[in-house]
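Each remark here refers to the structure printed beneath this line.
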Amino acid sequence: MQHDTPVSLGTVARQWGRIGLLGFGGPPAHLSLFRELCVERNQWIDGRKFEDDIAATNLLPGPASTQLAILTAWRLRGTPGAILGGVCFILPGLVLILALAVLFLAGDPPLWVGGAAAGAGAAVAAVAVHAAVQLAPGSWQRAAGRGARVRWTGYLLAGGAASVLLGPWLVLVLLAAGTVEAAVHGVRRALPDAVPPDAPPTGTAPPPAGAETARPEKPGSRRLWLLLAALPAGAAAAALSGLTWVAFKVGALSYGGGFVIIPLMHSDAVDRYGWMTDGQFLNAVALGQVTPGPVVQTVAVVGYAAAGIAGGLLATAVAFGPSFLLVVLGARHFERIRTVPSVQAFFHGAGPAVIGAIAGSAIPLALALQHPWQFGILALAGAWLLLLRRGVVSALLGAGLLGVPAALTGFPVS
């Protein structure tokens, strides 16, 4: 494929590393920084193609902003650029979050560190609810028609219940929701009298000759979809440890944004394997939110708790590996895959289940709080995010700052 505007690998390393270092605020901030760099300032990539790339990466499982970083670098310098750009985007935040993990997960951290961790961790349940609230309207609008919205509500409730009750088996509910919606869509297309959801109302004129229509599914996009479907089974069979499997779930099965990693990891990290306490897991989520780069780097803290620095690096490599594979192997087909009805239907089902899982994760996260003063911080964080509509990073930093004087004045933090 002809790439848009070749640039030097050195430029890719510097610019993608800069965004990885300055990209506080999660995917919205990352998208804005990449658009400003690639479309507005340097005109390396056409604006419409950039928007198509955002849509394509949002259809894929895994961290969307990381996949966008890899894809934009691929457009400029092919596979070497994709690998270099992705690594440089991930690396600054990874170094910082592992350094903070060493500090916050120390066996006997300073009192002010324990207070900051307990305060920031108290706000995480509110952040989960905020993330679900932010995602829900767009997903609801995509569910056109009464039947689709009834199913949407069912997927949402199923995801929420699974997040609370099923722990590590939540991923089966996410896959089931997508599969059911794809099956419903397939049945409708097979019925001879069925009216396609996007068909014009009765009595309207057909589109004029030469008008653009959705292209049929092509072999290349079908092969990519089969690759997506086969990844979980193949990786599960090859998993060498619990950490490998947990990290793989985060990287390959986290539909709907970075925050879905919470229900995917919590039960395994705390209950099944005992790598962390509930409080330490809350700290890990908070660190993933306040450090720059992709939120999915929270998995590095879990890996560190399981096996030190080597575990953090292993978990990161496994979690981000699928993103590199999907983009490098499938980028040529992304434009077509967006028009494949079965793929779109799958994500229309998995999407609301993910939103429900994110919202449902707030329940065990809130129940994990150990001290009454933390519930006060949780209430303040909820008001800050949901009523005042302020940012996540400021909520977590503020909660951490409130935890410091609480600890220094004698409130329990562990």
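The values are calculated or read from the model by the stated rules, or taken from the named source; none is laboratory data. Just so you know, these numbers come straight off a predicted model, no measurement behind them. Here the Cβ positions follow ideal geometry from the backbone for every residue, glycine too, while neighbour counts run over all protein chains shown. Accessible surface is based on the protein model in full, side chains and every heavy atom, while ligands, DNA and RNA are left aside. Shrake-Rupley method; radii C 1.70, N 1.55, O 1.52, S 1.80 Å.
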message: Accessible area of region 270-386 with a 1.4 Å probe: how many percent of it is carbon plus sulfur?
response: 64
Solvent-accessible area per residue for region 268-309 (1.4 angstrom probe, square angstrom): 26
statement: Order by accessible surface, 1.4 Å probe, largest leading, for residues TYR273, TYR304 comes to TYR273, TYR304
query: If you rank ARG35, ARG272, ARG75 by how much accessible surface each has, with a 1.4 Å probe, what is the order from largest down?
result: ARG272, ARG35, ARG75
- prompt: What do you get when you divide the Cα radius of gyration of region 15-124 by 2.2 N^0.38 Å, with N the number of residues?
  reply: 1.29
statement: Surrounding charge for GLY351, neighbours by C-beta under 14 angstrom, Lys/Arg +1, Asp/Glu -1, total +2
query: At a 1.4 Å probe radius, carbon and sulfur cover how many percent of the accessible area of region 55-169?
result: 71
message: Probe of 1.4 angstrom, ligands and nucleic acids ignored: what's the accessible area per residue over region 46-152, in square angstrom?
response: 38
field: TRP112 accessible area, 1.4 Å probe, all protein chains in place, Å² to nearest 10
entry: 130
Stokes-Einstein D (µm²/s) once Rh is taken as the Kirkwood radius of region 268-414 over alpha-carbon pairs, at 37 °C in 0.692 mPa s: 182
